[in-house]
Amino acid sequence: METLYHSTRSNTETYTSKRAILTGIAPDGGLFVSDQISRTSLDLTVVCGNDYHANARLVLGTLLPDYTPDEIASCVEGAYGSQWDTHAITPLTPLGNDWLLELYHGPTCAFKDVALQMLPRLMSAARHTAGGGRNVMILTATSGDTGKAALDGFADVEGTGVTVFYPDGKVSDVQRLQMVTQRGGNVAVCGIRGNFDDAQTGVKKIFSDPEVAARLLANNTVLSSANSINVGRLVPQVTYYFDAYAQLVRAGAVAQGDPIDFCVPTGNFGDVLAGFYAKQIGLPVGKLIVASNANNVLTDFITTGTYDRRRPFHKTISPSMDILVSSNLERLLYYLSGGDCELVAAYMRDLSQTGAYTVSSDMMEKLRQTFDCGFADDDATRRTIHTTWDELGVLIDTHTAVGKAVVDARASEGRPRVCLSTASPYKFSSDVLAALGANTQGMDGFACMDELARRTGTVAPAQLSGLRDAAELHTDVCDQDKMCAFVESACARVFS
Ligand SMILES: *Cc1c(COP(=O)(O)O)cnc(C)c1O
């Protein structure tokens, strides 16, 4: 058996990628990383001749080497099939002088589908060979989009269940309806009184409680994560960085081998970290631009080297980026430190004990070679939606607009720039419509969808407009200290 992955906080125990995917988070609280990643390089000529599906097989086969080629092929075929509205999966379109990478053509209209249509298939394949056939309960805290994408990906997948916690009152109407209308005999949904970080902290506590694990194991059940800390979430996202590059080369917009930049609307740091992985395995990347909203803890970190979560939490019009602790950053720290687990563990201890840590100047230097940053508040985001529609005829959502605003504020460095578009504008119709200048007072999410379509001559995705007629199936809301009981009762119901 190959042993490839280990925790960011210790490298004594190693895991195959299958075991890492089933386990989710390492027992010591660290995230699974692989040292292989800096020793592998994909062949760009092959990448540029591939379609999305072939690139997905190439990337997954490289980063998850204990899956057989047949397993990978069948996962790719299932994950990127007719539930997408384009065979290209993530088409690249012009955005003025830049490019828009449309990541929202999947079943829930957000970029998380790219990974969450894949993860259940990877888990299901791993369950039989590396998981002892145990039931897997997926536990997820969501700031809005992950929840629905996880529910849709896992619903009725054999041997799995999914429990989603979202911050009550802090996701959009449509996001909430997408989750509470989810069908499937193995799904559970619950609102939390608090913000996303409260929900995420609650989930982490459940994962690290050995007594919970023992009780569940007695019923042949293990917990796992669908949050972007799972390597099975991260790896599928690497594909679209390569595929975007291939599309640019084929469009004649870049010569094969020349670098391009990516601007990534960032929350938990999973999406942009996948870009870093792509660079590590041979993609010519100039800069990865980390775009934040008013919760600009990453802007400060990349500028100063100090990560400090002790600041007010802002509820913004880009709620999927309203995050003060970007979990996946821990993986980047591991690589920047040259694989120093003790140092990473010390930073994470500082973060949990004092709320802050400061990285070495050596690490900062490495960070700045690849990463750049910027942020946009809600006003700048609205202005950007407006001008992008008026001047370019491109309708973008509030998250994508944060990235576009950050790109617009920078001088071009001559390299082609790709803005990752992380959600359909119709997922955030009310804020997008208001940004275009409409008075949305008294209009619900669906009235906003209709008006947005009327004004722009674009069409709302059926999976969103159809929600108005769907029944609300999940009504639970609880405090953080009741989350564990909710999970255990969901397991009992689903796996009885
Ligand atoms: C999750 C999400 C993000 C942030 O991605 P991370 O991987 O958490 O950094 C940005 N935009 C949208 C629409 C999202 O759903």
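Every test in (1) polar (S, T, N, Q); (2) within 16 Å of the ligand (Cβ to nearest atom); (3) more than 18 Å from the chain's Cα centre (by Cα) is passed by ASN293 save one, and that test is (3).
Condition first: at pLDDT below 95 and either of a type in the set (A, V, I, L, M) or crowded, with 20+ Cβ neighbours inside 10 Å (or both). Now tell me which residues in the range 387-416 satisfy that. Once the filter is applied, which keeps residues that are at pLDDT below 95 and either of a type in the set (A, V, I, L, M) or crowded, with 20+ Cβ neighbours inside 10 Å (or both), the range 387-416 yields only ALA411. Among the candidates GLN175, GLN237, GLN247, GLN182, which residue alone is in a loop (DSSP other than H, G, I, E, B) and either within 16 Å of the ligand (Cβ to nearest atom) or at pLDDT 95 or above (or both)? That would be GLN182, the only listed residue that is in a loop (DSSP other than H, G, I, E, B) and either within 16 Å of the ligand (Cβ to nearest atom) or at pLDDT 95 or above (or both). The residue pairs whose first member lies in the range 354-373 and is closer than 18 Å to SER326 by Cα, whose second member is charged (D, E, K, R), and whose beta carbons are closer than 6 Å, counting only pairs six or more residues apart or on different chains, are GLY355/ARG309; GLY355/ARG310; ALA356/ASP308; TYR357/ASP350; ASP372/LYS287. I'd like to check something: does the range 191-199 contain any residue that is in a helix (DSSP H, G or I), of a type in the set (D, E, K, R) and within 17 Å of the chain's Cα centre (by Cα)? Among the residues of the range 191-199, at least one is in a helix (DSSP H, G or I), of a type in the set (D, E, K, R) and within 17 Å of the chain's Cα centre (by Cα), which makes the answer yes. Of all residue pairs spaced 6 or more apart or on separate chains, those with beta-carbon atoms under 8 Å, a first member in the range 408-431 that is more than 30 Å from LEU467 (Cβ to Cβ) and a second member that is basic (Lys, Arg) are GLU413/LYS287; ARG415/LYS287.
Taken as a whole, the condition of being of a type in the set (Gly, Ala, Ser), in a loop (DSSP other than H, G, I, E, B) and surrounded by fewer than 24 Cβ atoms within 10 Å (Cβ to Cβ) applies to GLY257. Among the candidates TYR67, TYR52, TYR80, which residue alone is within 17 Å of LEU283 (Cβ to Cβ) and of a type in the set (Phe, Trp, Tyr)? The conditions single out TYR52.
At least 1 residues being away from the ligand (no atom under 16 Å from the Cβ) and out of contact with any helix residue (DSSP H, G or I) (no Cβ under 8 Å at 6 or more places or on another chain) is the threshold, and among the helices (runs of 4 or more DSSP H) wholly inside the range 387-458 those reaching it are 445-456. Find all pairs meeting these conditions: Cβ atoms under 7 angstrom apart; at least six residues apart or on different chains; first residue within the range 140-167 and at pLDDT below 95 and assigned to a loop (DSSP other than H, G, I, E, B); second residue of a type in the set (Ser, Thr, Tyr) and away from the ligand (no atom under 16 Å from the Cβ). Here the result reads VAL157/SER124; GLU158/SER124; GLY159/SER124, each pair linking the range 140-167 to a residue that is of a type in the set (Ser, Thr, Tyr) and away from the ligand (no atom under 16 Å from the Cβ). Within the range 319-373, the set of residues being of a type in the set (A, V, I, L, M, F, W, C), touching a strand residue (DSSP E or B) at 6+ places or on another chain (Cβ under 7 Å) and surrounded by fewer than 17 Cβ atoms within 10 Å (Cβ to Cβ) comprises just one member, ALA356.
Whenever a residue of the range 111-124 is of a type in the set (D, E, K, R), its partners that are assigned to a helix (DSSP H, G or I), lying with C-beta atoms within less than 7 angstrom and at least six residues away or across chains, give the pairs LYS112/ASP145; LYS112/THR146; LYS112/ALA149; ASP113/ALA149; ARG121/CYS75; ARG121/GLY78; ARG121/ALA79. Looking across the range 6-32, the residues that are closer than 12 Å to ARG331 by Cα and in contact with an Asp or Glu (Cβ under 9 Å, 6 or more places away or on another chain) come down to HIS6, SER7, THR8, ARG9, GLY30, LEU31. Do the conditions hold for LEU336, that is, is it within 13 Å of the ligand (Cβ to nearest atom) and either under 24 Å from the mean Cα position of the chain (by Cα) or farther than 27 Å from THR400 by Cβ (or both)? No.
Has the range 283-296 got any residue that is at pLDDT 95 or above, assigned to a helix (DSSP H, G or I) and among the hydrophobic types (A, V, I, L, M, F, W, C)? No; the residues of the range 283-296 include none that is at pLDDT 95 or above, assigned to a helix (DSSP H, G or I) and among the hydrophobic types (A, V, I, L, M, F, W, C).
Pairing each residue of the range 69-87 that is surrounded by 13 or more Cβ atoms within 10 Å (Cβ to Cβ) with any residue that is outside any loop (DSSP other than H, G, I, E, B) and of a type in the set (D, E, K, R), provided the two are 6+ apart or on different chains, yields C-beta distances under 7 Å for ILE72/ARG57; ALA73/ARG57; CYS75/ARG121; VAL76/ARG57; GLY78/ARG121; ALA79/ARG121. For ASP35, the criteria (1) under 15 Å from LEU119 (Cβ atoms); (2) modelled with pLDDT under 95 hold in every case but one, which is (1). Would you check if there is a residue in the range 301-316 being within 16 Å of the ligand (Cβ to nearest atom) and either free of Cβ contacts under 8 Å to residues at least 12 places away in the same chain or closer than 30 Å to VAL249 by Cβ (or both)? Scanning the range 301-316, I find at least one residue that is within 16 Å of the ligand (Cβ to nearest atom) and either free of Cβ contacts under 8 Å to residues at least 12 places away in the same chain or closer than 30 Å to VAL249 by Cβ (or both), so the answer is yes.
The values are calculated or read from the model by the stated rules, or taken from the named source; none is laboratory data. Owing to the predicted nature of the structure, the values given are computational and were not obtained by experimental measurement. In this analysis, Cβ positions are derived from the backbone assuming ideal geometry, glycine residues included, and neighbour counts consider all displayed protein chains.
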